[in-house]
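A short worksheet on the structure shown next.
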Amino acid sequence: MNIYEQIKKNNINTWVILSLFVGLLLAIGMGFDYFYAPSIGFPLFTIIALGVGIISSYSGYLYGDQLVISSTQAREPNPDDIKEKEWLDVVEEMSIAAGLPLPHAYVIDDADPNAFATGRDPEHSSIVATRGLLDILNREELQAVASHEMSHIRNFDTRVMLIVAVLVGSISMLAAWGGRMLFWGGGDRDRKNSGPIAILILAVWLLAIVLAPILSQLIAMCVSRQREYLADASGAELTRNPTALASALEKISLNYQPAHLINQGTSHLCIADPLNKPLGQTEGWFADLMATHPPIEKRIAILKQMAYQKTT
């Protein structure tokens, strides 16, 4: 799949993902209306649920990248620091190579070696690296990491993942509200006990409340794993040096440390899983469904094959 096909696929995926989330929001909102506001004669809670989703997606689209930057306590690089100046330089070089506007460069004061890109489009994008990454990689390897993240921006991966991250939070919040209301009781008890149709609707609503957070997380994980392979290949194309990215990934894997400033909500954005979950080192349909990152050893092997090197 080339870059244009990937951009087209990402645009389609964005609408598919939004549709799935709208379905979950509708199911939760309609359940509230049916059991807690049947006398109003107006789908109040359904509209509120949809409103939450629309506002969350739009605000995430406009400001989600800055929320991500803020949540990781990322800061602007210090040009007087040799490694941080080098990071600024390679980001600029890779933006020129990719033919993209210069993204904002940031540094996170975390020892875990990692990096990620975020932003709704190439004109509003950022690339972030941890201090741990800057300390262990040489210039060629840093350039390779910057090219990988630049590929995510160029392929519009960042837009899809930004919207997904925000909507996952919205779904989880609404599902939590539904769970609390069920726990504390209330609502139209006659409606709840008025026949098999009401029981079926109640069962579907309960299922939506329980499964919505899980399903939303699964959607987030499914759309991120395959993108890493494409970004590896696209990044190697920019630098013409796949072995540099392979070397960078090897160092990242060998120097893993628990991340303190990158949390569960942003881990799927990173070049390597900052949580180092064992599932991310396996293959198969279950891993493809549940893990945010493909096995790093396989990514290294593919990059070495691109450089016609033998792999073990």
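Would you confirm, using the coordinates I've provided, whether Phe183 is open to solvent by 30 Å² or more (accessible area, probe 1.4 Å), at pLDDT 65 or above and under 27 Å from Leu26 (Cβ atoms)?
Considered against the rule, which asks whether it is open to solvent by 30 Å² or more (accessible area, probe 1.4 Å), at pLDDT 65 or above and under 27 Å from Leu26 (Cβ atoms), Phe183 comes out as no.
Among the residues of segment 61-76, which ones are within 20 Å of Leu261 (Cα to Cα) and either assigned to a helix (DSSP H, G or I) or open to solvent by 40 Å² or more (accessible area, probe 1.4 Å) (or both)? The answer is Tyr63, Gly64, Asp65, Gln66, Leu67, Val68, Ile69, Ser70, Ser71, Gln73, Arg75, Glu76. Listed by first and then second residue, the pairs linking a residue in segment 25-45 that is within 24 Å of Leu167 (Cβ to Cβ) and open to solvent by 30 Å² or more (accessible area, probe 1.4 Å) to a residue that is modelled with pLDDT of 75 or more and polar (S, T, N, Q), with Cβ atoms under 6 Å apart and 6 or more places separating them unless they lie on different chains, are Met30/Thr46. How do the pairs read when you match residues in segment 77-96 that are surrounded by fewer than 14 Cβ atoms within 10 Å (Cβ to Cβ) with residues anywhere that are part of a helix (DSSP H, G or I), using Cβ under 8 Å and keeping only pairs 6 or more apart or on different chains? From segment 77-96, the pairs are Asn78/Glu84; Asn78/Lys85; Pro79/Lys85; Pro79/Leu88.
Within this structure, Ala117 fails the test of being part of a helix (DSSP H, G or I) and either modelled with pLDDT under 70 or surrounded by 14 or more Cβ atoms within 10 Å (Cβ to Cβ) (or both).
On the given criteria, is Asp80 in a loop (DSSP other than H, G, I, E, B) and on the phi < 0 side of the Ramachandran plot? Here the answer is yes, as Asp80 does meet what is asked.
The values are calculated or read from the model by the stated rules, or taken from the named source; none is laboratory data. Since the structure is predicted, the reported quantities are computational estimates derived from the model, not experimental observations. Cβ sites come from the backbone with ideal geometry, for glycine too, and all protein chains shown count toward neighbours. Heads up: the accessible areas ignore ligands, DNA and RNA and are worked out on the full protein's heavy atoms, side chains in. Shrake-Rupley method; radii C 1.70, N 1.55, O 1.52, S 1.80 Å.
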